[in-house]
Amino acid sequence: MRHAQALIVLLLVIGSSAFAADLGRAVGSVTIDGKPIVLQYAYSIDHQKNQLTNKANETKVILTDRPLPDGTKLDDVDYTFPDGIFGIVVCVNPTDNVSHVVVQHPTGTYDAGYFEGVQDYRFKRIRGDRGTISGTLSSKKITTNTMSFYFDAEFAAQVQ
């Protein structure tokens, strides 16, 4: 009986790690008007300023379809994505609530602005090593006057 219990625990550990994203990687997509963009890369930077509170205590998570070029300033990615790279930027406050979302897609950029208490976006942290952030980011289907989108991705990133 002990061997069976040990085997079950081993299978659960192996199974859960198979679904976890490696550091610097994302697994998921952002879907714009029914067309998915596969998100594969994850970046993060700490001490980002929230325009509502004027506090620099947020963490910016950037998920992209292709790797960012060397030397890319993560501080500026939400407003200046490198050419030909698509993805999402999500700011997370100290209580793990989403406070800002930007979607870069083939036909433009959507900036949701800064907000509090909006339930359309979710972040669920997965505890990890110090200096990293990992978890899942997702949204309900959001419809604007020019597009609709939703995202769902798991990621792990080194915090800069």
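So if I check each of ARG127, ARG122, which one is surrounded by 12 or more Cβ atoms within 10 Å (Cβ to Cβ), of a type in the set (Lys, Arg) and over 14 Å from LYS60 (Cβ atoms)?
Values: ARG127 fails: surrounded by 12 or more Cβ atoms within 10 Å (Cβ to Cβ).
Being surrounded by 12 or more Cβ atoms within 10 Å (Cβ to Cβ), of a type in the set (Lys, Arg) and over 14 Å from LYS60 (Cβ atoms) holds for just one of ARG127, ARG122, which is ARG122.
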* Out of the residues in the range 98-117 that are among the polar types (S, T, N, Q) and over 13 Å from GLN51 (Cα atoms), which is most open to solvent (accessible area, probe 1.4 Å)? -> THR107
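Determine whether the range 84-97 contains at least one residue that is charged (D, E, K, R), surrounded by fewer than 20 Cβ atoms within 10 Å (Cβ to Cβ) and at pLDDT below 95.
Taking the range 84-97 and keeping what is charged (D, E, K, R), we get 96.
When the remaining residues are screened for being surrounded by fewer than 20 Cβ atoms within 10 Å (Cβ to Cβ), the result is 96.
This time we only want the ones that are at pLDDT below 95, so: none.
No, that holds for no residue.
What number of residues within the range 39-55 satisfy the criterion of being among the β-branched types (Val, Ile, Thr) and over 11 Å from SER99 (Cα atoms)? Step through it out loud before you land on a result.
Taking the range 39-55 as the starting set, the residues that turn out to be among the β-branched types (Val, Ile, Thr) are 45, 53.
So of that shortlist, the ones also over 11 Å from SER99 (Cα atoms) come out as 45.
Of the residues in that region, 1 qualify.
Is it fair to say THR109 is out of contact with any His (no Cβ under 6 Å at 6 or more places or on another chain) and in a strand (DSSP E or B)? Let's see the steps before the verdict.
Details: out of contact with any His (no Cβ under 6 Å at 6 or more places or on another chain): yes; in a strand (DSSP E or B): yes.
When the stated conditions are applied, THR109 passes them.
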* Qualifying positions in the range 135-160 - open to solvent by 60 Å² or more (accessible area, probe 1.4 Å) and either touching a residue at least 12 places away in the same chain (Cβ under 8 Å) or β-branched (Val, Ile, Thr) (or both) -> LYS140, THR143, THR146, TYR150, ASP152, GLN158, GLN160
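Within 15 Å of ALA26 (Cβ to Cβ) and open to solvent by 20 Å² or more (accessible area, probe 1.4 Å), is that true of THR132? Steps first, please.
Values: within 15 Å of ALA26 (Cβ to Cβ): yes; open to solvent by 20 Å² or more (accessible area, probe 1.4 Å): yes.
So THR132 fits the description; yes.
The values are calculated or read from the model by the stated rules, or taken from the named source; none is laboratory data. Remember, predicted model here, so these are calculated numbers, not experimental data. Don't worry about glycine lacking a Cβ; one is built from the backbone with ideal geometry, like all the others, and counts go over all protein chains shown. Note: accessible area is taken over every heavy atom of the protein model, side chains too, but ligands, DNA and RNA are not part of it. Shrake-Rupley method; radii C 1.70, N 1.55, O 1.52, S 1.80 Å.
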